Amino acid sequence: SRNSQEVDENTIYEIGSISKVFTGILLAQQVLDGDLKLEDEINNFLPDDIKVPVMGDTEVTFGTLTDHTSGLPRMPSNFSPSNPHNPYADYTVDQMYECIANYHPVRTVGSEYEYSNLAQGLLGHLLAMNKSCTYEELMVHTIADPLDMNDTRIELTQRMNENLALGHSDGKHVENWDIPTLAGAGAIRSSTSDMAAFISANLGYGNTSLTEAMELSHQIRHDKAGVASIAMAWHINKGDKGDVICHGGGTGGYRTFIG
């Protein structure tokens, strides 16, 4: 049975919030390609009848979405999953739009850091819309394919499904999470060998088509998070031997870290 399969470098896990740094790199690539600017206001990219309210005059930009200073809350206020064991599965784009159009900002944009799954999911959604494709198609085309990360997807391929490690919590097997609308915040699944290729590219080993976008994604945007500086989703911690550029993740049955 799959339960007794040995873990190897092709075993598939949900990487959870590590997906956010993929979203940051997708943003960086669109900036480099001239498709948008970090200073662009997201209201200009949303459907005409949807506007994100702000406190004061400073509007929400792509930059403030990626660095967690948009003022959007950690989680959508209208989040009420029918299945708590797969909580994001039935959260729709319409619900997300309703949430961002009707929330009451409690601070000005850019003033404070508040980690936001909503903001990162919205960012992934906007980047995909800007290219008239799904978030997964954008991620695969921009990041996974160029780096030969064939086991890095949202929808499991047959091979990924055969190599999937079952998620566990408190020693019990739990359901996989599906995150369609807020995909950019946590939907990606991958293997340790693919993630090693991703880390290698981020370190600039071997010149890839993503070298410039990855470097841009590492640029510190602010120091408002206390211990860590924040780049494009990446959290950067000062270390004795240099900065540690990292991100963690967790879904129902998986815990992940990249650095």
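In terms of packing, defined here as the mean over residues of other Cβ atoms within 10 angstrom, the peptides 131-137, 79-85 line up highest first as 131-137, 79-85. Working from Cα positions, state the angle (0 to 90°, nearest 10) between the long axis of helix 192-202 and the longest principal axis of the chain. Tilt of helix 192-202: around 40 degrees.
Of the residues Met139, Trp177, Gln120, the one whose Cα sits farthest towards the positive end of the charge dipole of the stretch 99-182 is Gln120 (charges of +1 on Lys and Arg Cβ, -1 on Asp and Glu Cβ, taken about the Cα centre). Take the convex hull of the alpha carbons in the stretch 185-259; its mean projected area over all directions comes to 6.1 nm².
Averaged over residues, the count of other Cβ atoms within 10 Å places the peptides 67-75, 28-36, 244-252 in the sequence 67-75, 244-252, 28-36, highest first. Counting 0.36 nm for each residue step from Asp57 to Val244 and taking away their Cα separation leaves a gain of 63.8 nm.
For the stretch 240-255 versus the stretch 61-121, the inter-centroid distance based on Cα atoms is 21 Å. Rounded to a whole number of µm²/s, how large is the Stokes-Einstein D of the chain at 25 °C and 0.890 mPa s, given Rh as the Kirkwood radius over C-alpha pairs? The Stokes-Einstein estimate is 131 µm²/s. Full extension of the chain between Glu112 and Met129 gives 3.4 nm of extra length, using 0.36 nm per residue less the Cα-Cα distance.
So, with a 1.4 angstrom probe, what is the percent of accessible area on the chain that is carbon and sulfur? Here it works out to 48 percent. Computed on protein heavy atoms with a 1.4 Å probe, the accessible areas place Val106, Val227 in the order Val227, Val106, largest first.
Residues of the stretch 20-34 with backbone nitrogen within less than 17 Å of a virtual label 7 Å along the Cα-to-Cβ line of Glu215, please, listed as ranges. Residues 25-26, 28-34 fall inside that zone. With the simple model of a label 7 Å out from the Cα in the direction of the Cβ, Asp49 to Val227 spans 4.6 nm. Summing +1 for each Lys or Arg and -1 for each Asp or Glu among the other residues whose beta-carbon sits under 14 angstrom from that of Val109 gives -4.
Considering all C-alpha pairs of the stretch 36-186, those separated by over 27 Å amount to 29%.
Computed over neighbours whose Cβ is under 12 Å from that of Pro81, the net charge equals -3, Lys and Arg +1, Asp and Glu -1.
The values are calculated or read from the model by the stated rules, or taken from the named source; none is laboratory data. Quick caveat, the model's predicted, so the values are computed rather than measured. With ideal geometry, Cβ positions are generated from the backbone for all residues, glycine too; neighbour counts draw on all protein chains shown. When the accessible area is computed, the model is the full protein with side chains, heavy atoms only, and any ligands, DNA or RNA have been set aside. Shrake-Rupley method; radii C 1.70, N 1.55, O 1.52, S 1.80 Å.
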